[in-house]
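Since the structure comes first, as structure tokens, the remarks are kept for the end.
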Amino acid sequence: MTVLVDDPLIAGMAITRTLPLHESSRRLRELYPECPRVYGVAVMSDLTRRRWWPLHEALTTDRLREMFQIGALEMDSPVAAAQQLAATVAHVVIGRVIPLLVLEGRAWDSGLENLWVHADSEGAIDWVGVVDPTLRALPDDPFFGDRTDVGAARFARDGMVRLPSEAALTTWVAHRSHRALNPLFATIVDVSGGAISMSSMWNIVGAAVVGAATHIPLLARSSELVSMRRGQAVLDALVGFGLPVRGGQRPREGKGLLN
């Protein structure tokens, strides 16, 4: 029996105007109702900002250093702590948007300046929000319907931008995620004293994309073929940017994990 959880942060959202992102996030939360913050994001204008902070602050404050130091102390392993921190950052930026991409052919902006994170009482990141709720979507998205007489500007005001193809959408997701993750990973290398390499972190990204694209069809009973095609297209774009998201090994306490 599925247990529906009344999450206080979600219940406290003050949504004055329902946008496509609100509807998509609700559907994503329904994939895992026992833990409704696992999928979907919040819209920052709907929330009070207690315990929220903009992700770009990770580049100018000691937040990542503190998270790494706490993890290294708890796990007694700088390598494991750096891996965990890189996996957390990868999930915030790209791991969260992939489920919506593979399931509905939609994506929010995963750029660094658009993302905020919520911290629990111990400082760990447990939810993600966006400042700009506009979604990019495929030309055949049901939102556009038969409204051929409505211009792109009107769609944008309604929270949707139509991209010309699946390739354009997956490349855009890869590009925005790359631009966000690259400086975050460089910061993790710095604060961890190089405990793991940038290449290892991009391999974690590859595993996150594959994992989400594999898992979502099981939860949603949606097309595995479509999900894997879109996930692989994101990886193709990242590879095109010169990023090692496929193959190789990333260290994990003496064991290798292959993508």
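The values are calculated or read from the model by the stated rules, or taken from the named source; none is laboratory data. Since the structure is predicted, the reported quantities are computational estimates derived from the model, not experimental observations. All Cβ positions, glycine included, derive from the backbone under ideal geometry; neighbour counts span all protein chains shown. Ligands, DNA and RNA are stripped out before the accessible areas are found, and what is left, the full protein with its side chains, is counted by its heavy atoms. Shrake-Rupley method; radii C 1.70, N 1.55, O 1.52, S 1.80 Å.
A few points about this structure:
- Test: residue in segment 88-103 that is among the charged types (D, E, K, R) and open to solvent by 40 Å² or more (accessible area, probe 1.4 Å): no
- Count of segment 166-188 residues, restricted to those that are in contact (Cβ under 8 Å) with a residue 24 or more places away in the chain, out of contact with any strand residue (DSSP E or B) (no Cβ under 8 Å at 6 or more places or on another chain) and within 21 Å of Leu55 (Cα to Cα), is 12.
- Near pairs, Cβ below 7 angstrom, 6+ apart or cross-chain, from segment 112-135 (of a type in the set (D, E, K, R)) to any residue that is part of a loop (DSSP other than H, G, I, E, B): Asp126/Arg37; Asp126/Asp120; Asp132/Asp109
- Restricting the first member to segment 48-73 and to residues that are touching a residue at least 12 places away in the same chain (Cβ under 8 Å) and farther than 16 Å from Val189 by Cα, and the second to residues that are open to solvent by less than 90 Å² (accessible area, probe 1.4 Å) and hydroxyl-bearing (Ser, Thr, Tyr), the beta-carbon pairs closer than 9 Å and six or more apart or on different chains are Trp53/Thr61.
- Some residue of segment 218-236 being modelled with pLDDT under 95, open to solvent by less than 40 Å² (accessible area, probe 1.4 Å) and more than 19 Å from Gln84 (Cα to Cα): no
- Just one of (1) loosely packed, with under 11 Cβ neighbours inside 10 Å; (2) part of a helix (DSSP H, G or I) fails for Arg50. It is (2).
- Taken over segment 53-78, the criterion of being over 17 Å from the mean Cα position of the chain (by Cα) and crowded, with 17+ Cβ neighbours inside 10 Å is satisfied by Arg63, Leu64, Met67, Phe68, Gly71, Ala72, Pro78.
- Considering only residues in segment 206-247 that are of a type in the set (S, T, N, Q) and over 22 Å from His175 (Cβ atoms), the one that is nearest to the chain's Cα centre (by Cα) turns out to be Thr214.
- Residues of segment 104-123 satisfying the condition of being hydrophobic (A, V, I, L, M, F, W, C) and either touching a helix residue (DSSP H, G or I) at 6+ places or on another chain (Cβ under 8 Å) or buried (at least 24 other Cβ atoms within 10 Å of the Cβ) (or both): Ala107, Trp108, Leu112, Leu115, Trp116, Val117
- Meets criteria (closer than 29 Å to Arg17 by Cβ, modelled with pLDDT under 95 and of a type outside the set (D, E, K, R)) for Gly151: yes
- Close pairs from segment 202-226: first among the aromatic types (Phe, Trp, Tyr), partner open to solvent by less than 10 Å² (accessible area, probe 1.4 Å), Cβ under 7 Å, at least 6 apart: Trp202/Val245
- Check on Ala81, small (Gly, Ala, Ser), in a helix (DSSP H, G or I) and open to solvent by 10 Å² or more (accessible area, probe 1.4 Å): no
- Applying the set (1) outside any loop (DSSP other than H, G, I, E, B); (2) surrounded by 15 or more Cβ atoms within 10 Å (Cβ to Cβ); (3) of a type in the set (Lys, Arg) to Arg37 leaves exactly one unmet item: (1).
- Residues in segment 173-194 that are closer than 17 Å to Val239 by Cα and surrounded by fewer than 19 Cβ atoms within 10 Å (Cβ to Cβ): 3 in all.
- The single condition among (1) among the polar types (S, T, N, Q); (2) closer than 30 Å to Glu66 by Cβ; (3) open to solvent by 10 Å² or more (accessible area, probe 1.4 Å) that Asn203 does not meet is (3).
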